[in-house]
Amino acid sequence: MKTEPHLLFAVAGLLSLFSSVAIAGAPLAGQKIDDAAPGMTQSLALEKMIQKNTEQKLAAEAKKYAQIVALAGRQQDELAKRRDETANAYRLWQDSKSAVELSGNTNADGFKAVEIAAQAYSKANKVFIGLQKDILAKNGVVSDPVAAFNAAPPTAAGSR
């Protein structure tokens with residue numbers, strides 16, 4: 001049979017490919033993950049650090065948002081509505097970017113759709129942030145440190 005050597009060669013090639021990929025991603029027998037290549041441990045450490053920082057930022061943002069909701073009073077429904085609109089616009093923007101990237105079809109229409117979605121997200125986010133700033137301002141909380149500095153009275157050393 002003439003196809004047998006070709007089939008054997010193809011199977012051997014695939015097995016060597018998969019085994020080398022598996023070996024590259026797995027620690028050797030008796031080897032701990034800590035004994036892995038320095039690049040892998042650095043990469044894992046970096047991923048953990050990024051994840052920890054992201055979780056801390058999300059927790060801080062959730063705390064800030066909860067404080068704004070507490071101050072919102074009658075505007076809580078509008079605040080939730082603007083938050084949801086912003087999240088939906090962001091999701092649509094990400095979906096349109098992914099669709100263009102995955103399709104590999106980089107034409108002007110695809111990029112235009114991404115641009116329109118990005119503009120919609122930007123507008124929704126700007127309205128949402130503006131509402132938050134308005135709520136904070138109505139409750140005497142300054143959200144802009146530059147504005148707080150400019151509103152401060154002159155110092156003992158003289159006027160600014």
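The values are calculated or read from the model by the stated rules, or taken from the named source; none is laboratory data. It should be emphasised that the depicted structure is a prediction, and the values quoted were computed from it without experimental measurement. Backbone-built Cβ (ideal geometry, glycine too); neighbour counts: all protein chains shown. Ligands, DNA and RNA are excluded from the accessible area calculation, which covers all protein heavy atoms including side chains. Shrake-Rupley method; radii C 1.70, N 1.55, O 1.52, S 1.80 Å.
Extension gain for residue 51-residue 67 works out to 3.3 nm (0.36 nm per residue, less the C-alpha to C-alpha distance). With every protein chain in place and a 1.4 angstrom probe, the accessible-area ranking of 63, 81, 97, largest first, reads 63, 81, 97. Modelled this way, with points 7 Å down the Cα-to-C-beta line, the labels at residue 133 and residue 42 are 4.1 nm from one another.
Counting only other residues whose beta carbon sits under 13 Å from that of residue 88, what net charge do I get with K and R as +1, D and E as -1?
+2
Between residue 95 and residue 122, the modelled labels are 2.2 nm apart [label points 7 Å from Cα along Cα→Cβ].
All other residues whose Cβ lies under 11 angstrom from that of residue 119 are scored, Lys and Arg at +1 and Asp and Glu at -1, for a net of +2. Largest first, the residues 83, 74 sort by 1.4 Å accessible area into 74, 83. Taking other residues whose beta carbon is less than 13 angstrom from the beta carbon of residue 49, and scoring Lys, Arg as +1 and Asp, Glu as -1, yields +1.
Using a 1.4 angstrom probe on the protein heavy atoms only, could you order 142, 100, 127, 69 from most to least accessible area?
Working: 142 95, 100 20, 127 65, 69 40 Å².
I get 142, 127, 69, 100, largest accessible area first.
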